[in-house]
Amino acid sequence: MELLALLTVLLLAHAAAYLALQAVWRRRRARCYLLDYACHKPSDDRKVSTETAGAVIERNKRLGLSEYRFLLKVVVNSGIGEHTYGPRNVLEGREERPAHADALGEMDDFFADAVAAVLAKTGVVPRDVDLLVLNVGSFSPAPSLASRIVRRFGMREDVAAYNLSGMGCSAGLIAVDVARNVMLARARRGAATTMALLVTSESCAPNWYVGTDKSMMLGNCLFRCGGAAALLTNDPAFRSRAKMELRCLVRANIAAHDDAHAAAVHREDADGRLGVSLSKALPKAAVRAFTDNLQRLAPRILPASELARFASRLLLRKLGLYLLRRRNYKAAAADGPAPPNKQVIDFKTGVDHFCLHPGGTAVIEAVRKSLGLTAHDVEPARMTLHRWGNTSASSLWYVLSYMEAKRRLRRGDRVLMVTFGSGFKCNSCYWEVSRDLDDAGAWEDCIHEYPPETLVNPYMDKFGWVNDIQGQGGGFVF
């Protein structure tokens with residue numbers, strides 16, 4: 001009996017140790033490291049200055065004086081600088097007749113630059129890639145762009161390739177989520193580790209709007225060419241080399257609401273001309289999606305002390321308002337002190353850096369006010385908008401690159417990425433910096449110029465008269 005008891009104890013101890021080791025192994029496999037990334041810098045002959053943008057506007061003979069003034073006002077007040085990049089067909093005057101080859105050429109230039117760069121920076125060879133996740137919102141040829149990358153770089157026959165489209169500016173973090181989930185699924189099936197290549201961009205060449213619908217003209221003024229490629233892995237052998245580790249990712253999709261679903265739509269206008277329509281309901285949809293996302297994100301990233309402080313102050317405020325109504329002090333309250341201001345949770349207690357989608361000056365300012373951030377906090381987003389414009393889903397990687405170029409990211413820092421996209425969606429992810437970072441990347445030749453002394457458009461003297469125009473478009477500012 002003593003021997004049986006001893007064997008039982010040993011077996012139980014062995015089982016417990018095995019389960020503990022399995023749990024540790026599962027946690028390690030659940031890790032997601034950002035090994036490195038590279039942002040695309042198009043060639044200088046594709047730069048779009050305000051003067052170039054004005055020339056493109058002028059040659060559209062469909063535009064009347066009202067539309068012309070509207071577009072110039074948006075361009076001058078957009079917060080975009082003189083060194084963003086556009087598609088070749090537009091710069092060559094062929095925006096009315098984009099060819100399939102124009103879109104493919106735009107993508108090939110991006111692949112040759114960013115994808116090749118991130119592989120070279122990390123020393124990862126194409127045949128080491130187990131998973132490829134590509135997102136390009138509004139260009140989906142056959143064979144797919146993902147297949148085009150597999151062929152171009154000679155990847156393995158068993159590479160798992162995913163081609164995402166129609167996801168808008170939020171697709172960059174959706175790609176991260178897809179990669180993370182595939183890593184977990186592969187680990188459960190016995191794959192020891194996974195190397196994932198993320199490729200994110202947008203195709204401007206076939207989507208330049210040439211009509212007169214003002215809701216569809218805005219994209220031409222704000223969206224520019226760009227893209228980014230990143231390598232993620234769950235291999236603990238790369239932990240010491242990784243730049244950041246993913247801690248959590250939250251997605252919010254409010255497409256069930258009709259106004260949110262129609263806030264940003266790729267469609268034809270009344271004359272059959274294709275473009276992206278941005279409705280007046282977009283700001284409201286963005287706020288709703290943002291709120292839904294933050295409600296689920298906050299408990300996962302903020303310290304308990306901040307959550308308790310916020311909850312207690314919110315409860316006291318609601319209790320005070322309730323007692324005020326119960327005692328029928330409405331009239332006195334109207335003449336007396338105003339009720340306490342709306343309580344705002346302090347995200348800076350759990351976040352060191354805010355990597356915000358540079359969707360436009362109004363978008364950046366709205367998020368700044370909502371989160372109670374400073375001008376320093378949103379500087380990376382503003383400077384990215386100025387230097388690169390809105391490059392859609394890849395914009396966040398340019399913002400992150402700015403932080404790195406400015407040597408803001410130190411080991412142990414916490415970075416929150418927030419992005420918005422058609423649908424309407426708000427996605428966020430939370431990273432921990434693994435080591436001190438200082439790679440200037442695509443900002444290398446200009447980071448010393450940022451932030452500039454002023455963001456006032458240099459062509460304000462030439463086109464500034466549009467700010468004095470009253471009427472349609474006069475009050476629109478991104």
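The values are calculated or read from the model by the stated rules, or taken from the named source; none is laboratory data. Here the structure is a predicted model, which is why all the values come from computation and not from measurement. A quick note on method: Cβ atoms are made from the backbone with ideal geometry, for glycine too, and the neighbour counts reach across all protein chains shown. Only protein heavy atoms, including side chains, enter the accessible area calculation; ligands, DNA and RNA are left aside. Shrake-Rupley method; radii C 1.70, N 1.55, O 1.52, S 1.80 Å.
Worth pointing out:
- Total residues in region 187-198, condition open to solvent by less than 20 Å² (accessible area, probe 1.4 Å), farther than 16 Å from ALA229 by Cα and either out of contact with any Asp or Glu (no Cβ under 6 Å at 6 or more places or on another chain) or assigned to a strand (DSSP E or B) (or both): 1
- Scanning region 398-415 for residues that are touching a Gly at 6+ places or on another chain (Cβ under 8 Å) and either assigned to a strand (DSSP E or B) or open to solvent by less than 10 Å² (accessible area, probe 1.4 Å) (or both) gives TYR398, SER401, GLU404, ARG414.
- Answer residue from region 163-186, given it is buried (at least 17 other Cβ atoms within 10 Å of the Cβ) and either over 18 Å from the mean Cα position of the chain (by Cα) or of a type in the set (Phe, Trp, Tyr) (or both) and is nearest to HIS261 (Cα to Cα) among those: VAL182
- Criterion: assigned to a helix (DSSP H, G or I), open to solvent by 40 Å² or more (accessible area, probe 1.4 Å) and closer than 29 Å to GLY172 by Cα - qualifying residue of ALA112, ALA117, ALA53: ALA112
- Scan of region 69-108 for residues that are open to solvent by 50 Å² or more (accessible area, probe 1.4 Å), closer than 24 Å to GLY359 by Cα and part of a helix (DSSP H, G or I), ordered by number: ARG69, ARG88, LEU91
- In region 368-382, of all residues being in a helix (DSSP H, G or I) and open to solvent by 10 Å² or more (accessible area, probe 1.4 Å), the one that is nearest to CYS169 (Cα to Cα) corresponds to ARG382.
- Pairs meeting the criteria (first residue in region 104-128 and farther than 13 Å from PRO42 by Cα, second residue assigned to a helix (DSSP H, G or I) and open to solvent by 30 Å² or more (accessible area, probe 1.4 Å), beta carbons under 6 Å, at least 6 apart or on different chains) are PRO126/PHE153.
- Selection of region 199-217 for residues being outside any loop (DSSP other than H, G, I, E, B), open to solvent by 10 Å² or more (accessible area, probe 1.4 Å) and of a type outside the set (Gly, Ala, Ser) yields PRO206, ASN207, LYS214.
- Residue in region 249-261 that is over 22 Å from VAL125 (Cβ atoms) and of a type in the set (S, T, N, Q) present: yes
- Residue pairs whose Cβ atoms lie under 9 Å apart, sitting 6 or more positions apart in sequence or on different chains, and linking a residue in region 218-242 that is touching a residue at least 12 places away in the same chain (Cβ under 8 Å) and among the hydroxyl-bearing types (Ser, Thr, Tyr) to a partner that is open to solvent by 10 Å² or more (accessible area, probe 1.4 Å) and in a strand (DSSP E or B), are THR233/MET195.
- So ARG387, is it of a type in the set (D, E, K, R) and open to solvent by 30 Å² or more (accessible area, probe 1.4 Å): no
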